[in-house]
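The values are calculated or read from the model by the stated rules, or taken from the named source; none is laboratory data. For clarity, every value in this text was computed on a predicted model and none was experimentally measured. When we count neighbours, we look across all protein chains shown, and the Cβ atoms used for this are built from the backbone with ideal geometry, even at glycine. Accessible surface areas use protein heavy atoms only, side chains included; no ligands, DNA or RNA. Shrake-Rupley method; radii C 1.70, N 1.55, O 1.52, S 1.80 Å.
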Amino acid sequence: MEKPSNAELLPLYLRKEEITLEQGILLFEKRVIIPRKFRENMKKELHLVHMGVVKMKSLTRNFIWWSGMDGEIEEIARSCKECEFNEHTPKSESVHRWESAPTPWYRIHMDFAGPFMNNMFLIYSK
């Protein structure tokens with residue numbers, strides 16, 4: 001595969017070994033690659049709860065990706081007084097540590113993610 005002349009495609013080219021196509025959705029590792037035309041809506045959704053730059057970036061790094069995503073999220077949070085306030089707010093809940101499961105799949109954790117593109121996703125981990 002030849003290096004693209006289009007600068008916008010270069011980040012994808014550099015990660016070509018880690019990009020897959022699953023049911024018509026481009027994935028970078030396990031994260032959905034968000035096309036340019038959906039990024040503004042995605043950033044608005046992420047910003048709705050004003051969780052601050054660190055939490056927004058952490059959340060996005062688990063589920064979605066596009067080139068320059070971190071910088072765009074930092075820009076949103078920097079220009080928002082509520083995000084700045086929440087950035088320094090201490091956590092109100094303590095972390096609950098589960099005891100080790102005696103066998104694989106003894107316990108699973110599930111949650112819904114979405115709506116994303118008019119779909120809800122059931123996420124699980126063991």
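Just one of (1) out of contact with any strand residue (DSSP E or B) (no Cβ under 8 Å at 6 or more places or on another chain); (2) in a helix (DSSP H, G or I); (3) open to solvent by 100 Å² or more (accessible area, probe 1.4 Å) fails for Tyr106. It is (2). Per the conditions (1) modelled with pLDDT under 85; (2) open to solvent by 100 Å² or more (accessible area, probe 1.4 Å), the sole criterion not satisfied by Met51 is (2).
For residues that are of a type in the set (A, V, I, L, M) and in a loop (DSSP other than H, G, I, E, B), scanning just the stretch 1-43, find the one that is least open to solvent (accessible area, probe 1.4 Å). My answer is Ile34.
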